[in-house]
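The values are calculated or read from the model by the stated rules, or taken from the named source; none is laboratory data. Every value quoted in this text rests on a predicted model; they were computed, and no experiment measured them. Backbone-built Cβ (ideal geometry, glycine too); neighbour counts: all protein chains shown.
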């Protein structure tokens, strides 16, 4: 892990690929990755004691790179960390790992980023993050949005 990554908090969750998470070809549906990432994101902000993050942080960009298939019954771990914290935006980096099972190999199944903007209730555009969120999330590294 590089020095920048070490300065930012992260969280992980474990899940099992359920039947509802699969598509007609039998592996995970593309939307399952984001559900697991959002679960890890919720865990991250719960651990930082920032319940006011979600109602004011709409997504402005999502990038997902798929590397391997995940199959029904397979265990997965989704890890999210704060990658950059700007004046009005925050980019989270994520990885979803599949655990080895039967003929399924383990390893990174998907990785990418999710960028949110701080848009508090009643605002029509992005506003600077409140001090308590900046302090809990890590050092400001520039405005990414």
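Here are the numbers:
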item: Qualifying residues in the stretch 71-89 (those that are under 13 Å from the mean Cα position of the chain (by Cα) and more than 26 Å from residue 25 (Cα to Cα)) - the one surrounded by the most Cβ atoms within 10 Å (Cβ to Cβ); result: 80
item: Residue that is surrounded by the most Cβ atoms within 10 Å (Cβ to Cβ) [pool: residues in the stretch 91-121 that are at pLDDT 95 or above and outside any strand (DSSP E or B)]; result: 118
item: Residue that is modelled with the lowest pLDDT [pool: residues in the stretch 1-28 that are surrounded by fewer than 16 Cβ atoms within 10 Å (Cβ to Cβ) and part of a loop (DSSP other than H, G, I, E, B)]; result: 1
